[in-house]
Amino acid sequence: MNGEYWQPEIETMPREDLRRLQADKLRRTIEIALKSPFYGSRLRGCGVTPETIRSVDDIRKIPFTTKKDLRDNYPFGLVGGNMKEAIRIHSSSGTTGHPTVVVYSRHDIDSWANMVARNMYMVGCRDTDVFQNSSGYGMFTGGLGFQYGAERLGATTVPAAAGNSKRQIMFIRDFGTTCLHAIPSYAIRLAEVFREEGVDPRSTKLHTLFIGAEPHTEEQRRRIERLLGVKAYNSFGMTEMNGPGVAFECKCQNGMHLWEDNYIVEIVDPDTLEPVPDGEYGEMVLTTLDRTMMPILRYRTRDLTRIIPGECACGRTHRRIDRIKGRTDDMFIIKGVNVFPMQVEKILAQYHGLGSNYLIELETVNDNDVMTVKVELDDMTTDVFPELQNMTKDIQRALKDEILLTPKVKLVKKGSLPVSDGKAVRVKDYRIKS
């Protein structure tokens, strides 16, 4: 290894060379995709072959792929490789209909593990570290994705899996864990259990936290860092694109480098599907470039982000995406206003005395839509009525300024809102559907 780079020749590749590499890989990817039932029909129908791709810009000749396409072609309709060479299957945790399925060859698993190792190395994790994974294993990609990456890096791995916080803390203390992977809401829950157990996280060897899998604000990240005494690095991944590791922050903590030797990234207007300039928010569209079993072309992720303009001080040439602002399918409309849960979280994170758990409830009352934000208190008691009343009014005003409508705000006792070991549920819509 060389300095701060896991693969310096890839990570610092000149942009012109990187685009040529992408075009070459895109041609090979299309060659594989043409062998799948789904893409074979779709690509031939629009006249796309490897020979029609002369540059990365020619990707716009290819139609978009959606989650519905994956579900409609469940389970193996997008597989272009030989199923005899398949060594693993992962799937999303869809609650309705068929889940989205991804099939991996040995090459795909090796490529993915190397990408995760590249991310971990980028933020200072080394083969002398002890890495603990508090993510779920099984069909969820977060567990095995980081597991294989940490092993590729050479770190000592602790596959603790999700939940059982007291056991997590025992492992952190007894095994000398230095690096931890957790979703943001669970990282804050872990900090609460540290406090309940009377253990200062700073008394452990923990110094680095990898967070991802659910949207979170910069305020929430900084809070996690304060509570656990660590540097917390944001990551992006999704099952359809392998899993964790698609993009990752470097030590500058100013956007996530998306690995363009493995993916082509586009940011498009979610309504017109036309590209937007760097710096403007839109829906992220991704194409895999290093999968031999099941490539996916121009996948509409539904995640809203932007390309951060300019070069990164770390010297890496792969473009950076901003933290995920929300999802087009997470957005809800109330009284004609588009609202994202992240907007609510951004405001709540500014108030001391509030916990991290909140819930947005949408109801129909007397033919009117009503939005109620329930948020748990942290150390404050619900008996301090004047203070709570003032805080409620302040939060209500701040939310109105942010989302342009006035919600109800209810401060509730700590532990009274439902919690989950998986992604936090932030919105419950009880409105009467016409």
- Task: For Arg126, state whether it is open to solvent by 30 Å² or more (accessible area, probe 1.4 Å), in contact with a Leu (Cβ under 9 Å, 6 or more places away or on another chain), over 27 Å from Pro270 (Cα atoms) and not in a helix (DSSP H, G or I).
- Result: yes
- Query: Counting only residues that are over 30 Å from Val246 (Cα atoms) and either in contact with a helix residue (DSSP H, G or I) (Cβ under 7 Å, 6 or more places away or on another chain) or open to solvent by 20 Å² or more (accessible area, probe 1.4 Å) (or both), how many does region 354-373 have?
  - Reply: 11
- Item | Subset of region 131-171 (residues that are open to solvent by 20 Å² or more (accessible area, probe 1.4 Å), within 19 Å of Ala187 (Cβ to Cβ) and aliphatic (A, V, I, L, M)) | Ala161, Ala162, Met170
- Task: Please work out which one of (1) farther than 23 Å from Arg291 by Cα; (2) in contact with a strand residue (DSSP E or B) (Cβ under 9 Å, 6 or more places away or on another chain); (3) of a type outside the set (D, E, K, R) is the condition Gly136 fails and give its number.
- Result: (2)
- Among the residues of region 258-295, write down those that are within 22 Å of Tyr121 (Cα to Cα) and either modelled with pLDDT under 95 or under 13 Å from the mean Cα position of the chain (by Cα) (or both). Leu258
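Among what's in region 231-245 and is among the small types (Gly, Ala, Ser) and in contact with a helix residue (DSSP H, G or I) (Cβ under 6 Å, 6 or more places away or on another chain), pick the residue that is farthest from Arg202 (Cα to Cα). Don't jump to the end; show me each part of the working.
Looking only at region 231-245, we keep the residues that are among the small types (Gly, Ala, Ser), and these are 232, 235, 237, 243, 245.
Filter once more, so that each one left must be in contact with a helix residue (DSSP H, G or I) (Cβ under 6 Å, 6 or more places away or on another chain): 232, 243, 245.
Working: Ala232: 14, Gly243: 30, Gly245: 27 Å.
The qualifying residue farthest from Arg202 (Cα to Cα) is Gly243.
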- Query: Asp330 versus (1) open to solvent by less than 70 Å² (accessible area, probe 1.4 Å); (2) at pLDDT 90 or above: which is the lone unmet condition?
  - Reply: (2)
- Query: Any idea which of (1) over 21 Å from the mean Cα position of the chain (by Cα); (2) part of a helix (DSSP H, G or I) is the one Cys314 doesn't satisfy?
  - Reply: (2)
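For region 194-262, give me every one of the strands (runs of 3 or more DSSP E) that falls completely inside it and has 2 or more residues that are open to solvent by 10 Å² or more (accessible area, probe 1.4 Å).
Working: elements: 208-211, 231-238, 243-249, 256-258.
It comes to 231-238.
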- Odd one out for Met284 among (1) among the aliphatic types (A, V, I, L, M); (2) open to solvent by less than 30 Å² (accessible area, probe 1.4 Å); (3) without any contact (Cβ under 8 Å) to a residue 12 or more places away in the chain: (3)
- Which listed residue is closer than 29 Å to Gly124 by Cβ and either open to solvent by 60 Å² or more (accessible area, probe 1.4 Å) or in a helix (DSSP H, G or I) (or both), from Ile59, Ile10, Ile32: Ile10
- Message: I need the full set of residues from region 172-191 which are open to solvent by 10 Å² or more (accessible area, probe 1.4 Å) and part of a loop (DSSP other than H, G, I, E, B), in order please.
- Response: Gly176, Thr178, Ile183
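For region 83-108, which positions are in a helix (DSSP H, G or I) and open to solvent by 10 Å² or more (accessible area, probe 1.4 Å)?
Met83, Lys84, Glu85, Arg106, His107
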- region 122-150: number of residues that are modelled with pLDDT under 95 and closer than 17 Å to Ala247 by Cα: 3
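The values are calculated or read from the model by the stated rules, or taken from the named source; none is laboratory data. Please read these numbers as outputs of a predicted model, since none were measured by experiment. Every residue, glycine among them, receives a Cβ derived from its backbone with ideal geometry; neighbour counts consider all protein chains shown. The area values use the complete protein model at the heavy-atom level, side chains included, leaving out ligands, DNA and RNA. Shrake-Rupley method; radii C 1.70, N 1.55, O 1.52, S 1.80 Å.
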